[in-house]
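S.K.: Structure below; questions to follow.
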Amino acid sequence: MNNKIKELTKIIRDQISILDNMNSTNNVGEVVNTLKSAGFISDQHVGDSEESFDDLKRVEWYGGQIISCLEAKAFFAINSIINCRDKFAPEVA
């Protein structure tokens, strides 16, 4: 795993942990801003062929989906993302 993928994966994982430990939705904007500042874009790579996904695109897609769900206040979807964090944002050394 290259350094950029590791860095982006860590950012996603950290933000998911913040969401997981949040008692209210007041800090959602901070998570969205952090992800956007890292270069993630809402709905990034949506509609792209899965065959074209490499590790970087997969991480970018995941970060973009988090932004999309938070902006839409789709908190049940966020719960599903939290439950999938180990698949899409594994811990990195």
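S.K.: Averaging sequence separations of C-alpha pairs under 8 Å and six or more residues apart, then dividing by the length of the chain, give the relative contact order as a whole percent. Intermediate values should be presented prior to the final figure.
M.R.: Working: 80 pairs, mean separation 36.4, N = 93.
Over the chain, the number comes to 39 percent.
S.K.: Okay, moving on. Only Lys, Arg, Asp and Glu count, each charged at its Cβ (+1, +1, -1, -1), so figure out the dipole size of the chain about its Cα centre, rounded to 20 debye. Kindly include the intermediate steps, with their values, before the conclusion.
M.R.: Values: 10 positive and 14 negative charges, 43 e Å.
Its charge dipole is roughly 200 debye.
S.K.: Once you list every other residue whose beta carbon is under 12 Å from the beta carbon of Ser42, what net charge do they have if Lys and Arg are +1 and Asp and Glu are -1?
M.R.: That sum, taken over residues with Cβ under 12 Å, equals -2.
S.K.: Another question, if that's okay. Output the 0 to 90 degree angle, nearest 10, between the alpha-carbon long axis of helix 28-37 and the longest principal axis computed from the alpha carbons of the chain.
M.R.: Between the helix axis and the principal axis of the chain, the angle is about 30 degrees.
S.K.: Just how many pairs of Lys in the chain have C-alpha atoms closer than 23 Å, counting pairs that are eight or more places apart or on different chains?
M.R.: Eligible lysine pairs with Cα atoms under 23 Å apart amount to 14.
S.K.: Give the angle, between 0 and 90 degrees and rounded to the nearest 10, that separates the Cα long axis of helix 3-20 from the longest principal axis of the Cα atoms of the chain.
M.R.: 20 degrees
S.K.: Nearest 10 degrees, 0 to 90: what angle lies between the long axis of helix 55-71 and the longest principal axis of the chain (Cα atoms)?
M.R.: Tilt of helix 55-71: around 20 degrees.
S.K.: Work out how much length Ala74 to Asp48 would gain on full extension: take 0.36 nm times their residue separation and subtract the Cα-Cα distance, in nm to one decimal.
M.R.: So the extension gain works out to 7.1 nm.
S.K.: Now for a different question. Which one, Leu19, Cys69, Thr9, projects farthest toward the positive side of the charge dipole computed for the stretch 3-88 from Cβ point charges (K/R +1, D/E -1)?
M.R.: The residue sitting farthest along the positive end of the dipole is Leu19.
Each reported figure results from applying straightforward, stated rules to the coordinates on display, with no laboratory input. Only a predicted model underlies this, so the values are computations on that prediction, with no experimental measurement involved. Backbone-built Cβ (ideal geometry, glycine too); neighbour counts: all protein chains shown.
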